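None of the figures in this text is laboratory data; all of them are computed from the coordinates on show. Just so it is clear, the structure is predicted and the values come from calculations on it, not from any experiment. Virtual Cβ from ideal backbone geometry, glycine too; neighbours counted across all protein chains shown.
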Amino acid sequence: MSLFLEVCFVREGQIAGWAFNADDLQCRLTLEVWINGELDGFCDCSLASDVVASWGLGDHSGRYAFLYSSQKLSAGRLLRFVVHDACLFGEWSLLLPRQTGAVTTYGSPGSMASRLGSFERYKSFRSLSNDVRMKIALQRYYLSSKAVRSTSIDIILPTYNRAGVLRAAIESVLRQVHQCWHLYICDDGSSDNTADLCSCYVRDSRIHYLPMPHRGVSAARNAGLSRSRSGYVAFLDSDNTWSPEYLSLMLSFLSKQSLDCGFCAALLTGDCDGDKVWLGNFFSWRSCLEVNYIDLNCFVFRRASVGLKRASFDESLRRFVDWDFILAITKESRTAFLCCALVNYYNGDQLDRITSLEYRGARGSDVMDAIRAKHYQLAGMCDNVDAQIACASIDSG
């Protein structure tokens with residue numbers, strides 16, 4: 001089962017949040033609440049009220065939300081949730097903060113680490129994690145929709161001295177089922193044979209090679225965005241590849257769900273055989289603010305609904321630029337997660353990667369805190385949840 005559980009705030013004697021079963025959005029979960037090892041009581045995740053909605057819980061209407069009160073909910077106590085419906089699904093533990101009196105708000109800068117064990121950035125990959133029914137429905141939708149098949153999409157591919165792996169990324173674009181695309185290879189001042197490699201591909205009128213001085217990945221992506229003209233935009237890094245159905249399924253997903261933004265899961269592979277990890281989960285803007293679980297290689301947006309001002313990368317950042325960009329672009333956009341791993345993401349150590357070179361240790365934590373603070377200040381208590389979840393709540397209401 002795919003469980004999603006958030007604690008949104010804790011205060012003396014009261015805790016609130018929301019939880020749902022992503023495999024069955026119609027079901028309502030029940031929480032067992034244990035405090036310091038003793039069962040304290042039960043609560044249903046089906047609360048719906050104007051007050052709960054104003055707190056930003058659930059899907060803005062309060063559905064999937066819970067509010068639990070107990071005199072035993074005090075600072076420093078160990079809180080354990082057991083979530084079940086007909087059978088036991090899972091459990092999570094949380095140590096209540098030692099500050100008393102004040103409300104601790106989920107997602108605020110410097111707040112408690114309220115991300116529970118159910119929502120990890122990575123999880124072990126299983127082929128059964130893919131939503132096969134959704135994938136088949138989207139395949140049929142693509143074949144039946146001439147409008148989707150004729151939709152043009154621009155692909156922004158930044159690169160810097162990656163000629164050794166760049167070919168595989170380009171070839172994965174050429175192998176797409178959906179062939180109505182333009183690829184912008186944004187060369188951030190490479191000194192290897194990247195230019196020679198790209199010269200073999202620009203014979204295809206859909207492929208555009210953009211050499212530029214070395215200014216960093218954000219500047220390279222922004223240069224590609226400024227040149228692109230299509231109504232949809234996708235991103236691919238030079239050390240990653242797409243499955244052949246990536247564009248066709250993502251465009252079908254955005255069209256069928258009337259989305260502004262959509263993303264799928266990534267299959268992360270390391271330097272050792274068999275080392276496979278799944279990255280991706282249902283969308284919650286506040287969850288993304290706490291845990292960066294959306295990869296840019298999996299992300300597609302519709303330009304008209306997002307706007308040019310938000311669709312740009314912060315060139316002052318050397319790392320976490322993808323996270324910062326996605327937080328800005330999805331804050332008020334209709335966004336959803338396609339539960340299929342359509343991106344092959346290299347997560348090893350054999351290449352010089354921004355992830356392993358920039359903002360290491362305490363400096364990285366400081367930059368992440370600054371990004372959280374910036375976006376939280378703009379958004380406050382509001383959340384934007386997965387469009388599929390919101391639709392299911394409306395339908396069940």
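Mind running the shape call on the stretch 210-322? Use the C-alpha gyration tensor, a ≥ b ≥ c as the square roots of the eigenvalues: rounded below 1.5 for a/c, prolate if a/b tops b/c, oblate otherwise. Rounded is the answer for the stretch 210-322, as its axis ratio a/c remains below 1.5. Classified by the C-alpha gyration tensor, the stretch 199-276 has an oblate form. Its axis ratio a/c, with a ≥ b ≥ c, is 1.5 or above, and a/b does not exceed b/c.
Seen through its C-alpha gyration tensor, with square-root eigenvalues sorted a ≥ b ≥ c, the stretch 121-254 comes out prolate because a/c lies at 1.5 or above while a/b is bigger than b/c. Residue ranges 202-213, 149-160 sort as 149-160, 202-213 when ordered by packing (mean number of other C-beta atoms within 10 Å per residue, highest first). Under 5 Å between amide hydrogens, built in the peptide plane, is the criterion, and for D131 it picks out C339, C340 among residues at least 5 positions away or on other chains. In order along the stretch 279-287, the Karplus-derived 3J(HN,Hα) couplings, from 6.51 cos²θ - 1.76 cosθ + 1.60 at θ = phi - 60°, round to 10, x, 6, 4, 7, 9, 4, 5, 5 Hz, and Gly and Pro are given as x. Amide H to amide H, with H built 1.01 Å from N, F235 comes under 5 Å of I156, F299, counting only residues 5 or more places away or on other chains.
Residues C264, C200 in ascending order of nearby Cβ atoms (within 10 Å, fewest first): C200, C264. Here's how it looks for S152: its modeled amide H is under 5 Å from those of G231, which are all 5 or more places away or on a different chain. Backbone N atoms of the stretch 164-178 closer than 17 Å to the 7 Å Cα→Cβ label point of D196 belong to residues 164-168.
Think of the stretch 167-212 as a dipole: +1 on every Lys or Arg Cβ, -1 on every Asp or Glu Cβ, centred on the Cα centre; then among V177, S199, Y209, V177 lies furthest on the positive end. What the phi angles of the stretch 194-205 give under the Karplus curve with 6.51, -1.76 and 1.60, with θ = phi - 60°, is a coupling list of 4, 4, 5, 4, 5, 4, 6, 9, 6, 5, 7, 5 Hz, glycine and proline written as x.
Taking other residues whose beta carbon is less than 14 angstrom from the beta carbon of Y142, and scoring Lys, Arg as +1 and Asp, Glu as -1, yields +4. In terms of surrounding Cβ atoms within a 10 Å radius of their Cβ, E38, E332 rank from fewest to most as E38, E332. This ranking places V217, V177 by how few other beta-carbon atoms lie within 10 Å of each, fewest first, which gives V177, V217.
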